[in-house]
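Values in this text are rule-based calculations from the coordinates and carry no lab data. These figures come from a predicted structure and were not determined experimentally. Every residue, glycine among them, receives a Cβ derived from its backbone with ideal geometry; neighbour counts consider all protein chains shown.
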Amino acid sequence: MKKLFSISALLLLAAGSAAFAQEAAQAAPAKPESEEDRASYAIGLNIGRNMKAQEVPVNVELLVKGLRDALAGTDPVLTDEEMQAAVTSLQQSVMAKQEEKMKMAGETNQKTADEFLAKNKAKEGVKTTASGLQYEVLKEGTGATPKPTDKVTVHYTGTLLDGTKFDSSVDRGQPATFGVNQVISGWTEGLQLMKVGGKYKLYVP
């Protein structure tokens, strides 16, 4: 009897799952076919993606209602003043959260950088300038040393502390030419330590 009950329960569960799957398949929206439908979907998707990326909290039902009311020419349920006040308040709230998030990320990055530089300066071959710039001489040059107003042509590769490469003239196969004083201060200082033909590794704080 117990065996029969178990089998019946299993069949019932399987039947229920099949029915649910069939209902879900029937409820699935069809892929937009016309250009108007495709564009409409694309516009809605872009709005949603932008709001998600900016972490904007919204009531989707009311968002759609506002869109429908505007397209239908229906009188809005809020006055212009109420809507402006609500949007302004939301913008301020989102900006405050983003600024706090950036501040926390900046503090974390600074702490990580400080810890790295503190350990790195003890490595053999690493030198530290008065500004805190650290560098290693991989190959000493023999030519002239550039002045702040000079232009230089260099090959370079820039990476983050985790090794992520964010820029590289080497990968592009084309050296870069720029004024020594037209880049970030750490690079400006580092370039003036080098001679033509030299190769240095800079750790810019």
task = Holding the Cα-Cα limit at 32 Å, pick out from 65/97; 101/199; 121/165; 65/103 the pairs that are longer than that.
result = 101/199; 65/103
ask   = If you look at just the Cα atoms of the stretch 52-141, how large are its Rg and its Dmax in Å?
value = 25.7, 75
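Please report, in debye to the nearest 20, how large the charge dipole of the stretch 126-203 is about its Cα centre when each Lys and Arg carries +1 at its beta carbon and each Asp and Glu carries -1 there.
180
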remark   = Residue by residue through the stretch 83-97, the couplings from Karplus 6.51 cos²θ - 1.76 cosθ + 1.60 with θ = phi - 60°, in Hz, x for Gly and Pro, are 5, 4, 5, 5, 5, 4, 4, 5, 4, 5, 5, 5, 5, 5, 5
task = Give the angle, between 0 and 90 degrees and rounded to the nearest 10, that separates the Cα long axis of helix 35-53 from the longest principal axis of the Cα atoms of the chain.
result = 60
message = Could you sort the peptides 187-194, 115-122 by per-residue average Cβ neighbour count (10 Å cutoff), highest mean leading?
response = 187-194, 115-122
query = What do you get when you divide the Cα radius of gyration of the stretch 126-203 by 2.2 N^0.38 Å, with N the number of residues?
reply = 1.06
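On alpha carbon coordinates alone, what is the Rg over Rh value for the chain, Rh being the Kirkwood radius?
1.25
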